[in-house]
Amino acid sequence: MVHGHKGFQFQNWARTYGCCPEMYYQPASAEEVREVLALARQQNKRVKVVGGGHSPSDIACTDGFMIHMGKMNRVLQVDTQKKQVTVEAGILLAELHPQLDRHGLALPNLGAVSDVTAAGVIGSGTHNTGIRHGILATQVVALTLMTADGTVLECSASSHPELFQAARVHLGCLGVVLTVTLQCVRQFHLQETSFPSTLKEVLDNLDSHLKRSEYFRFLWFPHSENVSVIYQDHTNKDAYIRDSSALTDGAELMTDFPSQPPSSSGNWFWDYAVGFYLLEFLLWMSTFLPCLVGWINRFFFWLLFNRKKESSDVSHKIFTYECRFKQHVQDWAIPREKTKEALLELKSTLEAQPQVMAHYPVEVRFTRGDDILLSPCFQRDSCYMNIIMYRPYGKDVPRLDYWLAYETIMKKFGGRPHWAKAHNCTRKDFEKMYPAFPKFCAIREKLDPTGMFLNSYLEKVFY
Ligand SMILES: Cc1cc2nc3c(=O)[nH]c(=O)nc-3n(C[C@H](O)[C@H](O)[C@H](O)COP(=O)(O)OP(=O)(O)OC[C@H]3O[C@@H](n4cnc5c(N)ncnc54)[C@H](O)[C@@H]3O)c2cc1C
């Protein structure tokens, strides 16, 4: 018999959203999940499953029953022939990587952090970059789902294929995902090369950057022309880090600072201690003196990004990094061919409204189109443009004008917001954005006619 707890307080990773569920459960088996759902049906309660709690929105919040999947975190099967792994849905990717390492396998692409669960990352449409790679949900070859009435459905291309097309990006609203089977590849090392450039150079040569590197992305530093280009590619080299003082060929730097920052001598203390503590302090200062933000963006580009750096390691260590700062984020996917127009419009909007402050970086990533009903990349190759506003020492920085300007531009260029990240869209918007929205709604209403798996975030999506 599964026991629930009262009085649990949930906070997401960024501490931007939280809730007090009426009961909190940590089931250890499918049978225990079924018991919670039976109790919820009897008492007419809503249920929300939470994974790693990393979503920067209220998508995982509830005042009903909360199910935490942390005890359902085993690797169930590894098929080295097919290079597939079946896991319980609550496994953190941080727990999965070492187990895949032991079998010489790896996931072909990952988001930036690993303290997130298999079901959580697929359900919210988590993505990385690489125009030949889809969002993480495209790595799923099968999953099992427990629906509101306790039935377990196996979904794959051959079993309930229509549900499979919906359930990979499930938003947590179709049922409890119990297991996920992921397509892996042979374990690989990645070499990361980052070098400075300018917005003009990158946007003028976007296609050639996309061809040159398998996992290409770039960081733009608002209130400047500065860009850091990041290439990640397969390599046979062992783990190493090289911090070069030589600037990349042809990059004309647009900083107001001397050409070499202190860490060009390879002094990593600057980057990873002084740099980060100084950033938080200066960002906090800028809450009193907003005009500092542009200077901070240019200063940190000069301090940390204006030289070539190389490193190599096993793929999951290169894909992910330790994110130190709590932050608000938005991340919309627009058609890939609109990248240049949209980014230039964002830049000119910021120039026209100097009172609107934008923290660095705007992270620009690229993803292959797919056929998952609510994937932001549904039927189109996409460019994701992630904007952030940090919360220095937990303090909120005014962001609404920046958010509004960005959302207006994203909508104009046919954007679709990241499901995990805060946005102001409602059902009317999603009906326009997603050709298959009615199909997803019909599947959801059939599987969950009483709305057991809804919460206030999902009500805005579906009502
Ligand atoms: C520091 C940081 C870096 C990030 N980097 C990236 C990035 O690079 N790319 C990107 O796209 N996103 C990124 N994100 C967002 C993150 O990948 C997503 O929020 C992801 O969903 C988090 O997984 P989680 O396990 O924490 O899910 P949660 O936030 O716990 O849940 C997400 C959704 O999945 C549902 N869910 C979880 N488990 C189940 C289950 N077993 N059954 C049914 N529903 C379930 C929840 O109900 C909820 O609707 C980042 C977030 C942070 C905080």
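What follows draws every value from the coordinates through simple rules; no lab data is involved. These numbers were taken from a predicted model, which means no experiment stands behind them. Reconstructed Cβ throughout: ideal geometry from the backbone, glycine too, with neighbour counts over all protein chains shown.
A few remarks follow.
- Local net charge near N73, Cβ-Cβ under 11 Å (Lys/Arg +1, Asp/Glu -1): 0
- Positive contributions from Lys and Arg (+1) and negative ones from Asp and Glu (-1), summed over other residues with Cβ under 12 Å from the Cβ of E407, come out at +2.
- Test item: Cα-centred dipole of the chain, Lys/Arg +1 and Asp/Glu -1 on Cβ, debye: 420
- For q = 0.09 Å⁻¹, Debye-computed log10 I/I(0) when each Cα of the chain counts as one equal scatterer: -0.60
- You can think of it this way: the chain between Q9 and D149 has 47.7 nm of extra reach, that is 0.36 nm per residue less the Cα-Cα gap.
- At R0 = 41 Å, FRET efficiency that the Cβ-Cβ distance of Y463 and K211 yields, to 0.05: 0.40
- When both the stretch 123-159 and the stretch 89-116 are represented by their alpha-carbon centers, they are found 16 Å apart.
- If R0 is 35 Å, the Cβ-Cβ spacing of K439 and M1 corresponds to a FRET efficiency of close to 0.35.
- Note on Q379 and S158: their simple-model spin labels are 2.9 nm apart, each label 7 Å out from Cα toward Cβ.
- The chain, relative contact order in percent, only Cα pairs under 8 angstrom and at least six apart counted: 17
- Length available on full extension from R102 to A28: 0.36 nm per residue minus the Cα-Cα distance, which gives 24.1 nm.
- Cysteines in the chain lacking a second Cys C-beta under 4.7 Å: C20, C155, C173, C184, C291, C323, C377, C383, C425, C441
- Mean Cβ neighbour count within 10 Å, used as a protection proxy, ranking 14-23, 107-116, 428-437 highest first: 107-116, 14-23, 428-437
- MRE, 222 nm, helices only [DSSP H, n ≥ 4, -39500 (n - 2.57), over the chain, to nearest 500]: -8000 deg cm²/dmol
- Mean Cα-pair separation over length for the stretch 75-187, i.e. relative contact order, pairs under 8 Å, 6 or more apart, %: 34
- Calculated over the stretch 75-187: convex hull of Cα atoms, volume per residue (Å³): 99
- Mean Cβ count within 10 Å, highest first, over the residues of peptides 95-105, 158-168: 158-168, 95-105
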